[in-house]
Structure formats: C-alpha cells, structure tokens
Ligand SMILES: Cc1cc2nc3c(=O)[nH]c(=O)nc-3n(C[C@H](O)[C@H](O)[C@H](O)COP(=O)(O)O)c2cc1C
C-alpha cells in the first residue's frame with residue numbers, strides 16, 4: 001500500500017461548518033475506503049478548529065497539527081459544500097495557510113456537495129485550480145453531488161460508486 005514514513009497516508013479535510021454535513025460524510029466514506037486498502041487515515045474537520053488561527057489572527061496547536069498532517073500525507077481528500085458557486089470560505093482559509101508547493105507529489109481528491117447541478121463546475125473551476133495552485137495532482141474523477149443524491153439524508157449507491165472510482169484512481173496514482 002501507500003508508504004509514508006510517518007503520519008497518515010490519506011488525510012481528509014472537511015470544509016463544511018454544518019454538524020450534519022453531507023460533504024463530510026462523503027469524505028469519511030472515502031477515508032474508510034482508503035483504510036480498507038491498508039492506508040492510515042485522518043479526518044481534519046475544519047469546523048472544529050479555532051477560527052482565529054484559521055484566519056491568521058493567532059496560532060493554535062490544533063491548526064499546526066492539521067497543517068503538518070497534510071504535509072506528511074500522500075493523498076489529500078478535500079470536501080466542501082458549494083457556497084456561492086464555489087468551495088466554502090472555511091476550506092479556502094485553511095488552504096491559504098498551507099505553504100506554496102505544499103502538495104507537490106501528492107494526490108488531490110475533490111468532493112463537493114451542492115443543492116443543485118448548476119454549480120457542478122465548482123469541481124473544475126474551483127477545486128481543481130485550488131489544488132493545483134499548491135502543486136497537487138488532481139484525480140480526473142472529482143465527485144460532485146446534489147441534494148437529490150442523498151435520499152433520506154444518506155448518499156445513494158451511484159454517488160458512493162463515484163467516490164469509489166475517485167478512491168481507486170487516487171490509489172493507482174499513489175502506487176506509481
Ligand atoms: C451560504 C450558502 C451558500 C450556498 N450556495 C450554494 C450554491 O451556490 N449552489 C448550490 O447548488 N448550493 C448552494 N448551497 C447549498 C449547499 O451547497 C448544499 O446544501 C450542500 O449540500 C451543503 O453541504 P454540507 O452538508 O456538506 O454543508 C449553499 C448553502 C449555503 C448555506
């Protein structure tokens with residue numbers, strides 16, 4: 001499997017402030033799939049981190065640990081709701097704290113949930129350049145999900161299959 005000398009091989013970043021976040025649920029599902037393939041995994045829930053440190057107005061051991069975990073990961077899954085047609089501000093401020101070139105040699109997996117299909121390009125116009133701006137290689141199959149793909153509040157089988165495909169692609173890239 002993915003070899004990293006220290007730290008988790010696959011880190012998931014949740015950029016939703018919602019306590020019942022759909023995108024976080026998909027990130028957790030992706031991490032479970034990586035874990036099933038033998039990867040050590042870690043979820044970074046940005047909503048649980050101190051806002052002052054995320055905004056650069058102070059420092060925090062928890063934020064420093066989260067940045068360090070990303071630095072040592074091989075695969076970075078980033079989940080976010082669509083807010084105003086792109087990723088959340090919460091995800092943006094965390095990415096702004098990562099050093100330039102922080103994701104060189106790493107694989108990025110974008111997961112976005114929006115209410116409707118109109119903003120599906122948040123994957124290609126938002127998440128893909130966000131990842132690429134600091135060096136990540138982004139999987140071709142990013143995942144965009146609408147509210148209708150969560151019947152009874154749970155991700156449907158086609159949506160989970162899309163996450164499975166993204167996970168398989170990330171594992172394939174990581175093994176090269
Ligand atoms: C402030 C705000 C802005 C939103 N903007 C959009 C939008 O532009 N397009 C869209 O399809 N959904 C939009 N939504 C709906 C959320 O993207 C959608 O409910 C998403 O599934 C929430 O993901 P989460 O449960 O992970 O937080 C918005 C919701 C909020 C609260």
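None of the figures in this text is laboratory data; all of them are computed from the coordinates on show. Because the structure is a prediction, the values reported are computed rather than measured. Every residue, glycine among them, receives a Cβ derived from its backbone with ideal geometry; neighbour counts consider all protein chains shown.
In the stretch 10-174, Cα pairs under 8 Å separated by at least six residues give a relative contact order of 24 percent.
A simple spin-label model places pseudo-atoms 7 Å from Cα toward Cβ; at residue 84 and residue 120 they are separated by 2.5 nm. Going 7 Å from the Cα of residue 47 in the Cα-to-Cβ direction, what parts of the stretch 62-76 have a backbone nitrogen less than 20 Å from that spot? Zone members listed by number: 62-63, 66-67.
For a quick check: sort 119, 125 by the number of other beta carbons within 10 angstrom, fewest at the front.
Ordered from fewest to most neighbouring Cβ atoms within 10 Å, 119, 125 come out as 125, 119.
Per the Debye formula on identical point scatterers at the alpha carbon atoms of the stretch 26-78, with no solvent, log10 I(q)/I(0) at q = 0.12 Å⁻¹ is -0.31. Per residue, the convex hull around the alpha carbon atoms of the stretch 111-176 comes to 78 Å³.
Projecting label points 7 angstrom from Cα along Cα→Cβ for residue 101 and residue 154 puts them 4.7 nm apart. Of 45, 96, the sequence from fewest to most neighbouring Cβ atoms within 10 angstrom is 96, 45. Using 0.36 nm per residue and subtracting the Cα-Cα separation, the extra length available between residue 176 and residue 132 on full extension is 13.9 nm. Over the stretch 38-109, the pair-distance histogram of Cα-Cα distances with 5 Å bins from zero comes to 3, 14, 26, 26, 19, 9, 1, 0 percent, rounded to whole numbers.
The residues 113, 137, when put in order of fewest to most other Cβ atoms within 10 Å, stand as 137, 113.
Normalised by residue count, the stretch 1-144 yields a Cα convex hull volume of 101 Å³ per residue.
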